[in-house]
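Report on the structure given below.
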Amino acid sequence: MRAAICHEYGDPEVVRIEDRPDDPVGPGQIRVGIAAASVNFPDVLIVANRYQMSVPVPFIPGSEFAGQVLEVGPGTDTHKVGDRVFGTTMVGAFAETIVVAAAAVSPIPSGVTARSAAAFGIGHRTAYLALRAVGDLQPGDEVVVLGAGGGVGLAAVQIGSALGARVTAVASSAEKLGAATRAGAVNVVNHRDGDLRARLKEVLPGGSHLVIDPVGGHLSEPALRSLGWGGRFVTVGFAAGDIPRIPLNLVLLKGIHILGFEFRGFAVHHAEEMRRGEAELMELFGQGRIDPHIGAAFPLEQAAAALRYVADGRAVGKVVVDVAP
């Protein structure tokens with residue numbers, strides 16, 4: 001099979017396309033022929049060995065995929081050859097095939113393309129759980145979403161709007177804010193146009209109820225200041241590269257709740273809540289009420305360029321790697 005291989009840690013350009021043997025399929029496993037994969041910022045960090053977990057080289061980058069079951073291992077009765085499935089993994093998605101546990105994939109809803117399915121998993125699941133399970137989103141809430149042009153941010157705009165919230169999207173360009181508007185945002189703010197704190201006060205004079213922050217850095221504090229009494233601030237990640245230092249007097253004076261969401265830890269400690277959330281999210285996806293925005297696509301041969309595109313912050317929504325013609 002053809003696959004993108006990382007033989008050494010570094011910038012995205014260290015990734016090369018090579019032929020390598022298919023892995024065997026063991027008990028409880030399936031082989032999936034990948035039609036499409038998507039790129040996430042942690043993929044860039046894993047290639048650079050800057051992620052919270054280190055993956056030994058050589059490895060195949062890529063954490064989201066969609067395609068068709070090609071082979072079923074012994075003792076596997078949940079899937080059959082020909083089933084359309086999508087799933088997530090730590091690494092391995094930028095390849096023509098992948099061998100995974102049968103339990104690690106879900107059926108692609110009828111009418112959903114492989115591209116959309118590949119782009120759906122991590123971003124939309126993260127956004128949904130940050131909004132609902134951690135942020136306790138209620139219909140009518142005023143929600144501020146930072147990084148609203150990225151994969152998680154744009155998913156949060158779309159899901160929040162679908163669940164009845166009024167979303168204010170914060171991003172860095174007119175293109176990203178345009179995508180957020182199409183996803184349902186009622187207010188948009190370009191944080192490069194001036195004082196973010198003043199702009200949020202202007203569009204939300206009564207304050208916000210909830211902030212979703214996948215960015216960190218210098219944007220976190222002004223977004224936190226937008227919260228009204230008892231507001232909730234959910235930190236999801238630090239795409240800006242800097243971990244913010246929050247003045248605790250703001251938390252004290254407004255009775256603010258600062259909460260964190262990290263996918264793997266949440267899955268371990270809140271398994272039942274994960275199952276409930278998955279059911280509601282898949283219902284929204286299958287009904288077409290939410291759908292990933294795919295801002296760019298690259299062939300497998302340009303997997304390094306796709307990683308570079310995300311690393312440079314150019315992505316609007318999701319970036320897809322088209323593996324099958």
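The values are calculated or read from the model by the stated rules, or taken from the named source; none is laboratory data. As the structure is a computational prediction, the values presented were derived from the model and not from experiment. Positions of Cβ are generated from backbone atoms using ideal geometry, with glycine treated the same way; all protein chains shown enter the neighbour counts. Accessible surface is based on the protein model in full, side chains and every heavy atom, while ligands, DNA and RNA are left aside. Shrake-Rupley method; radii C 1.70, N 1.55, O 1.52, S 1.80 Å.
Within the stretch 204-226, residues that are on the phi > 0 side of the Ramachandran plot have Cβ atoms under 8 Å from residues that are part of a loop (DSSP other than H, G, I, E, B) and hydrophobic (A, V, I, L, M, F, W, C) in these pairs: GLY216/PHE238; GLY216/ALA239; GLY216/ALA240; GLY216/ILE243; GLY217/PHE238; GLY217/ALA240, counting only partners at least 6 apart in sequence or on another chain. Within the stretch 25-44, the set of residues being open to solvent by 10 Å² or more (accessible area, probe 1.4 Å), touching an Asp or Glu at 6+ places or on another chain (Cβ under 7 Å) and of a type in the set (A, V, I, L, M, F, W, C) comprises just one member, VAL25.
In the stretch 197-225, which residue that is out of contact with any helix residue (DSSP H, G or I) (no Cβ under 9 Å at 6 or more places or on another chain) and assigned to a helix (DSSP H, G or I) is surrounded by the fewest Cβ atoms within 10 Å (Cβ to Cβ)? Across the stretch 197-225, the extreme among qualifying residues is GLU202.
Residues in the stretch 274-325 that are open to solvent by less than 10 Å² (accessible area, probe 1.4 Å) and aromatic (Phe, Trp, Tyr): 1 in all.
With respect to the conditions (1) of a type in the set (A, V, I, L, M); (2) within 26 Å of PRO42 (Cβ to Cβ); (3) surrounded by 15 or more Cβ atoms within 10 Å (Cβ to Cβ), ILE243 falls short on a single one, namely (3). All of VAL170, VAL189, VAL112 fail the test of being within 16 Å of GLY313 (Cα to Cα) and either part of a strand (DSSP E or B) or at pLDDT below 95 (or both), apart from VAL170.
Looking only at residues in the stretch 45-90 that are aromatic (Phe, Trp, Tyr) and open to solvent by less than 20 Å² (accessible area, probe 1.4 Å), the one that is farthest from ALA35 (Cα to Cα) is PHE59. Note on the stretch 82-107: residues that are of a type in the set (Val, Ile, Thr), at pLDDT 95 or above and outside any strand (DSSP E or B) amount to 1.
Does VAL188 satisfy being over 15 Å from the mean Cα position of the chain (by Cα) and open to solvent by less than 20 Å² (accessible area, probe 1.4 Å)? So VAL188 does not fit the description; no. Exactly one residue out of LEU177, LEU131 is more than 14 Å from the chain's Cα centre (by Cα) and more than 30 Å from ASN49 (Cβ to Cβ), and it is LEU177. Any residue that is among the charged types (D, E, K, R) and not in a strand (DSSP E or B) - is there at least one of those in the stretch 53-76? No, the stretch 53-76 contains no residue that is among the charged types (D, E, K, R) and not in a strand (DSSP E or B). Considering the stretch 246-256, and only residues there that are of a type in the set (A, V, I, L, M) and open to solvent by less than 80 Å² (accessible area, probe 1.4 Å), the residue that is nearest to VAL310 (Cα to Cα) turns out to be ILE246.
Taken over the stretch 8-45, the criterion of being in contact with a helix residue (DSSP H, G or I) (Cβ under 8 Å, 6 or more places away or on another chain) and over 14 Å from PRO61 (Cα atoms) is satisfied by GLY28, GLN29, ILE30, ALA35. Screening ALA127 with (1) surrounded by fewer than 17 Cβ atoms within 10 Å (Cβ to Cβ); (2) assigned to a helix (DSSP H, G or I); (3) of a type outside the set (Phe, Trp, Tyr); (4) in contact (Cβ under 8 Å) with a residue 40 or more places away in the chain gives one miss only, at (1). Of note, ALA324 does not satisfy the criterion of being assigned to a strand (DSSP E or B) and at pLDDT 85 or above. Could you list all residues from the stretch 257-273 that are open to solvent by less than 40 Å² (accessible area, probe 1.4 Å) and touching a helix residue (DSSP H, G or I) at 6+ places or on another chain (Cβ under 7 Å)? Of everything in the stretch 257-273, those that are open to solvent by less than 40 Å² (accessible area, probe 1.4 Å) and touching a helix residue (DSSP H, G or I) at 6+ places or on another chain (Cβ under 7 Å) turn out to be PHE261, PHE266, ALA267.
For the stretch 63-92, what are the residues that are small (Gly, Ala, Ser) and under 17 Å from ARG125 (Cα atoms)? Answer for the stretch 63-92, where residues must be small (Gly, Ala, Ser) and under 17 Å from ARG125 (Cα atoms): SER63, ALA66, GLY87. Of the strands (runs of 3 or more DSSP E) contained entirely in the stretch 226-303, those carrying at least 3 residues that are over 22 Å from ALA37 (Cα atoms) and at pLDDT 90 or above fall at 227-235, 257-260.
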